[in-house]
Each structure stands twice: as structure tokens, then as C-alpha cells.
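Colleague: Okay, handing you the structure first.
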Amino acid sequence: MNPPQYPVDQTEASGARRLRGVDGVEANSRLTAALGLVLFVLLAGEGVTILRIRPLLSEHVAIGALLLPPAVLKMATTGYRMAAYYRRIPAYRLKGPPPVVLRVLGPFVVVLTAEVLASGVALLYAGPQWHRTLLLLHKAGFIVWLAAMSIHVLGHLMETYHHAWRDWVTARRWKLSGGGVRRALVIASIALGALLALLLTPRIGVAVSTH
Ligand code: HEM
Ligand code: HEM
């Protein structure tokens, strides 16, 4: 059984591809890579705010909130792939697991991202007596997170380059069913992030004035 060929192999009927589940694997890769690209851009912006955290604290919190839903959705799409692999779904077994370093690093990337985001949000809601501890957790988590994320991004840069844009072009050769839903999911996650940013940014005034 040959691995799936994209652009879409027109010789194989779409029904057969769907039966073999290869479209599902490609669809999952496209959504994950598109979210990866969104996160890459937002994390770069977050990095700039860290260099001048005091004057750019509002931007820092706004971008942090903006990237929260896309990060959660990305954990879901990669979690789906992992579960499909362990459930021995043939098409996902055919794609195989990520390279071993990225495979081992995956859970750390998830836990560290959750730690940095959760400690950041907690900084805005917790009382002044927690500020120092939460800030230490936030900064220390960030340092370990940065090391893990650098390897993650370097390891997935080529896949992102090859997959992230495929649902966003009109050429028939890249057309794959469900493209509209995947685009809507990416846009909805960013829109939800913008809403969160509107909710969280005003908390800075409260958090900063109490500590
Ligand atoms: C909040 C930040 C991020 C989290 C929590 C996250 C999480 C994950 C996890 C758990 C996996 C599965 C394990 C693996 O294959 O390594 C994964 C895969 C992947 N990540 Fe990330 N990632 C993040 C940021 C990024 C960024 C910035 C990029 C883009 C450069 C990216 C691109 C990818 C790609 C292309 C895959 C493999 C997709 C596939 O299954 O075909 N990720 N990510
Ligand atoms: C919703 C998400 C986030 C919120 C609410 C948040 C909140 C904050 C706050 C309030 C501070 C300043 C604390 C102070 O100095 O009193 C801070 C500092 C910091 N944040 Fe975040 N943050 C978020 C996301 C992130 C992300 C995603 C990263 C990195 C990937 C990050 C990295 C840092 C670092 C490194 C500092 C310390 C900067 C310094 O003092 O030099 N934060 N964050």
C-alpha cells in the first residue's frame, strides 16, 4: 500500500482515498501545520514584548490571550493523530510516528505551554501575595519552554512550509474535502483569542495596582 500522494493523486478515486483514510491524515497535517504557522507568528510577536515587558505589557497579555485558543486546538489536532496512531488506524500507522526526538518532546511542549499560559493568566487574577511565585513560575517555565519549542519548531519547519497553506489556495490540485471547515476552525480560534484578549487585557490595571 503506497503512502498517499499530494497534490491529490487524480488516478485514485476520491472514494478509495477516503476509504483508505489517507485524506484524513493529510487533512490533519494541514490543520496542524496551519495552526503551527499562526502560533509561529504570534509567538514571534510575544517574544518582542518580552524584550520590553514593562512598556509592552498590554501587548504581551493581548498576544498571549490571542495564541491561547490556537495552541489548545493544535494540542487537539496532534492529540487526535497520536490517538489514531495508537488505535492502529491504518493510514496513521502508514504515516508513522514523528521522529523520535520530536515524539519524546511532544508531551513536554504541551505541558510547558500550558504552564506558561496558565501562570500568565494566574498573574492577572491571583492576589498580591502570589505575584512573586507566579512570576517566577512564568519566567522559569518560559526558559525551559523556549528550549523545547526551539527544537520543536526547527523539527517541524519543513512540514509547516509544505502543509500550512494547502487549504488556503484555490488550485484544484490541492483541493481536499473539509477545507472550508479547517479554515473556519483556524479563523474561529483566532477570533476566540481576540475575545480573550479583550477580556484579559483590562485585568493588567487591577493586577499591577495590587502588587
Ligand atoms: C504553543 C505552541 C505549540 C504546541 C503546544 C505544539 C504542540 C505539538 C505537538 C504535541 C505535536 C505532536 C508531536 C510532534 O509531532 O512533535 C506537534 C506537531 C507539530 N507541530 Fe507543534 N506545537 C506548537 C507550536 C508549533 C509551531 C510554532 C509550529 C510551526 C513552526 C509547529 C508545527 C508542528 C508540525 C508541522 C507538527 C507535525 C504535524 C503533523 O502531525 O503532521 N508547532 N505540535
Ligand atoms: C495569556 C497569556 C499571558 C499572560 C496573561 C501573561 C502575563 C504576564 C505578566 C502580567 C507579566 C509581567 C509580570 C510582572 O513583571 O509583573 C509577564 C511577564 C512575562 N511573560 Fe507573560 N503572559 C502570558 C503569556 C506569555 C507567553 C506565551 C510567554 C512566552 C512564550 C510569556 C513570557 C513571559 C516572560 C518571559 C515574562 C517576564 C518578562 C520580564 O520580566 O523580563 N508570557 N507575563
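Colleague: Output the number of the condition that residue 54 fails; it satisfies all remaining conditions of (1) open to solvent by 40 Å² or more (accessible area, probe 1.4 Å); (2) within 17 Å of residue 201 (Cβ to Cβ); (3) assigned to a helix (DSSP H, G or I).
Modeller: (3)
Colleague: Residues being open to solvent by less than 30 Å² (accessible area, probe 1.4 Å), closer than 22 Å to residue 21 by Cβ and part of a helix (DSSP H, G or I): count how many of those fall in segment 90-105.
Modeller: So the count comes out to 2.
Colleague: Which condition does residue 140 not pass, out of (1) surrounded by fewer than 18 Cβ atoms within 10 Å (Cβ to Cβ); (2) within 22 Å of residue 77 (Cα to Cα), if it passes all the others?
Modeller: The single condition residue 140 does not satisfy is (2).
Colleague: Out of the residues in segment 85-99 that are in contact (Cβ under 8 Å) with a residue 60 or more places away in the chain and of a type outside the set (Ser, Thr, Tyr), which is nearest to ligand 2 (Cβ to nearest atom)?
Modeller: 95
Colleague: In segment 163-187, what count of residues is obtained for those that are part of a loop (DSSP other than H, G, I, E, B) and buried (at least 17 other Cβ atoms within 10 Å of the Cβ)?
Modeller: Within segment 163-187, residues that are part of a loop (DSSP other than H, G, I, E, B) and buried (at least 17 other Cβ atoms within 10 Å of the Cβ) number 2.
Colleague: Which residues, taken from segment 63-83, are among the small types (Gly, Ala, Ser) and either near ligand 1 (Cβ under 9 Å from one of its atoms) or open to solvent by 30 Å² or more (accessible area, probe 1.4 Å) (or both)?
Modeller: Hits for segment 63-83 are 71, 76, 79, 83.
Colleague: Between 41, 61, which is β-branched (Val, Ile, Thr), part of a helix (DSSP H, G or I), over 18 Å from residue 167 (Cβ atoms) and at pLDDT 95 or above?
Modeller: 61
Colleague: Continuing with this model, one more query. Out of segment 106-152, which residues are at pLDDT below 95, touching a Leu at 6+ places or on another chain (Cβ under 8 Å) and not hydrophobic (A, V, I, L, M, F, W, C)?
Modeller: Listed by number, the list holds a single entry, 131.
The values are calculated or read from the model by the stated rules, or taken from the named source; none is laboratory data. What you see is a predicted model, and the numbers here were worked out from it, not measured in a lab. Quick reminder, even Gly has a Cβ in these numbers, built from the backbone with ideal geometry, and neighbours come from all protein chains shown. These area figures cover heavy atoms from the full protein model, side chains too; ligands, DNA and RNA do not enter into them. Shrake-Rupley method; radii C 1.70, N 1.55, O 1.52, S 1.80 Å.
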